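The values are calculated or read from the model by the stated rules, or taken from the named source; none is laboratory data. Note that the coordinates shown come from a computational prediction; the quantities given were computed from them, not determined experimentally. Quick reminder, even Gly has a Cβ in these numbers, built from the backbone with ideal geometry, and neighbours come from all protein chains shown. Note: accessible area is taken over every heavy atom of the protein model, side chains too, but ligands, DNA and RNA are not part of it. Shrake-Rupley method; radii C 1.70, N 1.55, O 1.52, S 1.80 Å.
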Amino acid sequence: MKTASFFPGAYPNTRLRRHRQSDWVRRLTRENHLCVDDLIWAIVLKDGQGVREEVKSLPGVYRLSPDEVVKEAKAAAALGIPALALFPFTDGGLRTEKGEEALNPDNLMCRTAKVVKDAVPDIGLIGDVALDPYTSHGHDGLLSGEKIVNDATVDILAQQALVLADAGFDILAPSDMMDGRIGAIRAALEGAGHCDAMLMSYAVKYASCFYGPYRDAIGSSGVLKGDKKTYQMDPANSDEGLREVAMDLAEGADSVMVKPGLPYLDMVRRVKDTFAVPVFAFQVSGEYAMIDAAAKSGALDRQAAMMESLLCFKRAGADGIITYFAKEAAEILSKK
Ligand code: PBG
């Protein structure tokens, strides 16, 4: 953690513009940098072969079949992107009340992880642990009537995490916001000998409208009944996020995430300053869609808005950013 030492600089002895007068001195005094090591590429999977299907609400983002993900994983590794975060679009026929497909060791996530790890062993794979891509109601947990049942969901999430770890995912990232799931998943992983499996907890995850396009991407927007306010956090809350992080770290999380990103950078900073652990932020689908739409309308410069927003995550204290822009940003960084 950086502690600022303030001195009472007064004009004209102090002129803060001195360090802004030319590119070389701005570079010399720059406090934060965005580099390719900061980028985690969010990728949506779709079953099949040779599939590249553009997501309507996320122009420029494609649902990719496993063979296409392999191609992109090679490109990402060549650019130096450290890791991919995978999210599955599940065909309607495989969605059930209890989301059993999440536990199928041969599901789309697992098959993709295997082919990617075979072809590109050195890229990190992050697997989303949650039931929403697999449930017929689009919720992250099991339903009893209208209620999300916490503890029974946690049992399934622990099994899901094992299935993903067995398939080759390096980092398991529970995005469900059930209480106690980090401890249960950690115990399951240790019990199965997966002592190197890393847990990146979506600890500070808000019930946000900015996930809209993602739900379209994974095919759950049409099916989601109600909202996720009984498990995801209230956007009005801040201290509660620190309690979430404290509990998840105590239960065995290796890193924590704040999500969404840009509207919640205050939480990135608070979490980093309070806990001094690896903190990640998710520039979610709605944030991508806003920049894309603003650029298309001519209101913003796409590239400038993308790079500035990513840098701002770093300034706020994030160690890395999950983003749909990862490849585009990495290409720009590689030309610098
Ligand atoms: C759910 C999950 C969501 C996202 C990742 N995992 C959405 C939700 O909670 O409804 C959102 C990602 C994005 O918007 O880009 N387990």
Practice task
Give me the accessible area of Arg111, 1.4 Å probe, in Å² rounded to the nearest 10.
Solution key: 70 Å²
Fill in the blank from the handout: Computed over the chain: longest principal axis from alpha-carbon atoms vs helix 265-275 long axis, angle to nearest 10 degrees, is 90 degrees
Fill in the blank from the handout: Once amide hydrogens are built 1.01 Å from N within the peptide plane, the residues lying 5 or more places from Ala203 or on another chain with amide H under 5 Å from its amide H are Met257
Exercise for the section: For the chain, find the longest principal axis of its Cα atoms and tell me its angle to the long axis of helix 239-251, 0 to 90°, nearest 10. Expected result: 60 degrees
Problem - Unit charges at the beta carbon, dipole of the chain: most positive-side option, Ala119, Val25, Val268 - result: Val25
Exercise for the section: Quick one: work out the % antiparallel among DSSP beta bridges in the chain, nearest 5. Expected result: 15 percent
Completion exercise
A correct Kirkwood calculation over the Cα atoms of the chain returns a hydrodynamic radius in Å of 20.7 Å
Problem - Amide H contacts of Arg63 (H built 1.01 Å from N, under 5 Å, at least 5 apart or other chain) - result: Glu53, Glu54, Val55
Handout entry: Accessible surface of the stretch 33-334, 1.4 Å probe, proportion on carbon and sulfur as whole %
Key = 54 percent
Fill in the blank from the handout: Scoring only Lys, Arg, Asp and Glu (+1, +1, -1, -1) among other residues with Cβ under 12 Å from the Cβ of Glu308 yields +2
Fill in the blank from the handout: Sorted by accessible surface (1.4 Å probe, heavy atoms of the protein chains only), largest first, Phe7, Phe89, Phe282 come out as Phe7, Phe89, Phe282
Completion exercise
Here the relative contact order (percent) of the chain, from C-alpha pairs under 8 Å and at least 6 apart, is 19 percent
Problem - the stretch 70-96 and the stretch 8-60: distance between their alpha carbon centers, rounded to Å - result: 23 Å
Exercise for the section: Please figure out what share of the DSSP beta bridges in the stretch 78-151 is antiparallel and state it in percent, rounded to the nearest 5. Expected result: 40 percent
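Could you order the peptides 167-180, 297-310 from most to least packed, using the average number of other C-beta atoms within 10 Å per residue?
Top of the packing list down: 167-180, 297-310.
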Completion exercise
Amide H proximity to Val129 below 5 Å, modelled H, separation 5+ or other chain, gives Ala173, Ser175
Exercise for the section: Express the accessible area of the stretch 33-334 per residue in Å², computed with a 1.4 Å probe while the remaining protein chains stay in the model. Expected result: 38 Å²
Completion exercise
As a percent rounded to 5, the proportion of antiparallel DSSP bridges among beta bridges in the stretch 114-233 is 30 percent
